[in-house]
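This report refers to the structure that appears directly beneath it.
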Amino acid sequence: MFISTTQSEPEMNVVENSHYDVVIVGAGPAGLFAAHELADIGLNILIVDMGKDIDQRSCNMSEMQYCKHCSPCDIMCGIGGAGTFSDGTLNLRPDIGGDLIEYTKNVQDAWELIDYVDSLFVNCGASNKVYMPNDSETEQLKKTAASVGARFIEVKQRHIGSDNSQKVISRFKKLLEQKRINFLLNTEVTDIFVENNICKGILTSNNNKITARYTLIAPGRIGGDWVNDLVEKHSIKAQYTGVDIGVRVEVPAIIMNPITKINRDPKFHIYTKKYDDFVRTFCTNEQGFVVKEEYEGFIATNGHSFHSKKSENTNFAFLVHIELTEPIENTIKYARSVAKLATTIGGGKPVLQRIGDLRRGRRSTAKRIDRNPVINTLSEVTPGDISMAMPHRIVMDIIEGLESLNKIIPGVASDSTLLYAPEVKFYSMKLCVNEQMETSIDNLFAAGDGTGLSRDIVNAAATGILAGRGILNYENPV
Ligand SMILES: Cc1cc2nc3c(=O)[nH]c(=O)nc-3n(C[C@H](O)[C@H](O)[C@H](O)COP(=O)(O)OP(=O)(O)OC[C@H]3O[C@@H](n4cnc5c(N)ncnc54)[C@H](O)[C@@H]3O)c2cc1C
């Protein structure tokens, strides 16, 4: 049976009590790459996603921020998943955006998997240009970083660009359709059903039961809560992971140019002296734009860059890693409550502050922001005081970390540098999986960000491939 819904309403009756060999929840990189791996051997495969088809998802990119008409679901959900409106930076390293080696058990296999993911993106139209760290410049940068107690992590990167990502995803979807993969869109999966510890399929919000021999859950970050519910309800083995809380930093592009010309998305890792906390740069958008993200109950910030439109600024996330131990291990709950506090103090908008004002313990007023030499690329903000929005320890880590970074990138912590809060990267509970990516429930497989197994596009896709291979191993045991 072929199902491909393109309208906004799910086709309620088509799938009732239908049966598949494999059902995949989530059409993000993890789900799509898993399906690609499973295709061609005659399995009957269905991908279910609560979002829309790729050509129906839209965001008002002309104003470089999400328009109020596009729902958070449109941004995070649908074919292509959360990465579709992203800057599309492919980090070609198995230990950035996840820890692939944990699942491949072998360093070389992990690197080969990264190359394979990359080649599939290129086949579907990702730019041929790769940003390779230059040996001598990288050596120098590593030395400078080391001299101030920081580490520079060299990463080979490919940049799809937000304005090209949709085309690449669209080609990938067409490829899957040619391979007879079925899609059921605009349909939320509410539960899995399990008998004698064997997963037998899924239930959708319109109470349709879809049975499958194998079920793969790849619901991305937006599906994190749903995964938590599944963990509790079906006693799936899982553990809490850390969260990253911090700010989005915006500086004139000329400050970052000497570094971004060496690496488009430079990764610096710093341990702060005062708290010995891990702070890092993440997701740099050269000449990009800061954007607001909306979640259920709070807002957050992120960044984009475009091939066709450039700002005068460069932005990056500056994040403090937080892990919690007894009696509170629920890092997701903690990160949410911090984000909610920041949302409250910002009146539903990101709080914007100049680092000079933060250092002096005063609020950035609209007047101070107006006369600031660095012009904010996100206008929907509340000038304010980040120390009212975040715990003291995080604020101190941010100030200290940026001052260390300033010794590597002079000017990055000058008084006029803009900080937007909150920037939150909370990762779902990490499901415990075996080397086939199978969970503690038989025939239930997991991949991608929503199951805590990855944190970026390439690693999500790679875990999808591993789950696909895991299922294939059950079909054709070696
Ligand atoms: C604004 C933004 C910018 C980013 N920029 C980058 C970047 O430049 N480089 C990078 O590597 N990463 C980036 N990321 C992260 C990247 O997008 C994710 O790491 C990646 O998309 C994770 O892939 P995934 O397949 O695990 O999940 P997702 O891409 O989130 O896809 C999950 C899919 O599952 C669906 N789903 C969830 N729950 C259900 C349910 N119950 N029923 C049915 N469907 C469901 C969702 O609709 C969604 O389509 C960015 C993310 C955002 C939000």
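At-a-glance table
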{"item": "Residue match in the stretch 408-422 (condition: modelled with pLDDT under 95, within 16 Å of the ligand (Cβ to nearest atom), out of contact with any Pro (no Cβ under 7 Å at 6 or more places or on another chain) and within 30 Å of GLY348 (Cα to Cα))", "result": "no"}
{"item": "Every residue from the stretch 131-161 that is closer than 19 Å to LEU92 by Cβ and part of a helix (DSSP H, G or I)", "result": "ASP135, GLU137, THR138, LEU141, LYS142"}
{"item": "Those residues of the stretch 454-468 which are more than 8 Å from the ligand (Cβ to nearest atom) and either in a loop (DSSP other than H, G, I, E, B) or within 20 Å of the chain's Cα centre (by Cα) (or both), in sequence order", "result": "ALA462, ILE465, LEU466, ALA467"}
{"item": "Residue list for the stretch 190-216, filter: of a type in the set (Asp, Glu) and either within 16 Å of ILE45 (Cβ to Cβ) or in contact with a helix residue (DSSP H, G or I) (Cβ under 8 Å, 6 or more places away or on another chain) (or both)", "result": "ASP191"}
{"item": "Options GLU188, GLU195; residue that is of a type in the set (Asp, Glu), modelled with pLDDT of 95 or more and closer than 20 Å to ALA82 by Cβ", "result": "GLU188"}
{"item": "Test: residue in the stretch 341-349 that is surrounded by 21 or more Cβ atoms within 10 Å (Cβ to Cβ), within 24 Å of the chain's Cα centre (by Cα) and outside any loop (DSSP other than H, G, I, E, B)", "result": "yes"}
{"item": "Options ARG363, ARG354, ARG359: the member that is open to solvent by less than 80 Å² (accessible area, probe 1.4 Å), closer than 20 Å to GLU400 by Cα, of a type outside the set (Phe, Trp, Tyr) and in contact with a helix residue (DSSP H, G or I) (Cβ under 7 Å, 6 or more places away or on another chain)", "result": "ARG354"}
{"item": "The stretch 191-205, residues that are surrounded by fewer than 24 Cβ atoms within 10 Å (Cβ to Cβ) and within 12 Å of the ligand (Cβ to nearest atom)", "result": "ASP191, ILE192, LEU203, THR204, SER205"}
{"item": "Whichever residue in the stretch 144-169 is in contact with a helix residue (DSSP H, G or I) (Cβ under 7 Å, 6 or more places away or on another chain) and under 16 Å from SER119 (Cα atoms) and, among such residues, is modelled with the lowest pLDDT", "result": "ILE160"}
{"item": "Which listed residue is assigned to a strand (DSSP E or B) and over 20 Å from the mean Cα position of the chain (by Cα), from LEU216, LEU203", "result": "LEU203"}
{"item": "Residues that are within 11 Å of the ligand (Cβ to nearest atom) and of a type in the set (Lys, Arg), drawn from the stretch 288-326", "result": "LYS292"}
{"item": "The stretch 161-177, residues that are touching a Lys or Arg at 6+ places or on another chain (Cβ under 9 Å) and over 13 Å from GLN56 (Cα atoms)", "result": "ASP163"}
{"item": "Failed item in (1) out of contact with any helix residue (DSSP H, G or I) (no Cβ under 8 Å at 6 or more places or on another chain); (2) modelled with pLDDT of 95 or more; (3) under 27 Å from LEU43 (Cβ atoms), with ILE236 passing the rest", "result": "(1)"}
{"item": "Test: GLY242 is within 23 Å of the chain's Cα centre (by Cα) and more than 27 Å from MET429 (Cβ to Cβ)", "result": "no"}
{"item": "Those residues of the stretch 225-251 which are away from the ligand (no atom under 14 Å from the Cβ), open to solvent by less than 40 Å² (accessible area, probe 1.4 Å) and assigned to a strand (DSSP E or B), in sequence order", "result": "ALA238, VAL243, ILE245, GLY246, VAL247, VAL249, GLU250, VAL251"}
{"item": "Boolean, VAL478 is assigned to a loop (DSSP other than H, G, I, E, B), away from the ligand (no atom under 16 Å from the Cβ) and at pLDDT below 95", "result": "yes"}
{"item": "Among (1) surrounded by 16 or more Cβ atoms within 10 Å (Cβ to Cβ); (2) modelled with pLDDT of 90 or more - the single one GLU102 does not satisfy", "result": "(1)"}
{"item": "Only one of LYS156, LYS105 that is of a type in the set (Lys, Arg) and more than 14 Å from the ligand (Cβ to nearest atom)", "result": "LYS105"}
{"item": "Cβ pairs under 7 Å, 6+ apart, first in the stretch 455-468 and open to solvent by 10 Å² or more (accessible area, probe 1.4 Å), second in a helix (DSSP H, G or I)", "result": "ARG455/ASP449; ILE457/PRO29; ILE457/GLY83; LEU466/TYR103"}
{"item": "Residues located in the stretch 439-454, provided they are over 21 Å from ALA27 (Cβ atoms) and either in contact with a helix residue (DSSP H, G or I) (Cβ under 8 Å, 6 or more places away or on another chain) or surrounded by 24 or more Cβ atoms within 10 Å (Cβ to Cβ) (or both)", "result": "ILE441"}
{"item": "Single match in ILE471, ILE399, ILE375 (criterion: part of a helix (DSSP H, G or I), away from the ligand (no atom under 16 Å from the Cβ), more than 24 Å from ILE41 (Cβ to Cβ) and modelled with pLDDT of 95 or more)", "result": "ILE399"}
{"item": "Extreme residue, modelled with the lowest pLDDT, among residues of the stretch 426-438 that are in a strand (DSSP E or B) and open to solvent by 10 Å² or more (accessible area, probe 1.4 Å)", "result": "PHE426"}
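The values are calculated or read from the model by the stated rules, or taken from the named source; none is laboratory data. Note that the structure is a prediction, hence the values are computed from the model and not measured. Methodologically, a virtual Cβ is constructed for each residue, glycine included, from the backbone with ideal geometry; neighbour enumeration extends over all protein chains shown. Each accessible area value is taken on the protein alone, full model and side chains, heavy atoms only, with ligands, DNA and RNA left out. Shrake-Rupley method; radii C 1.70, N 1.55, O 1.52, S 1.80 Å.
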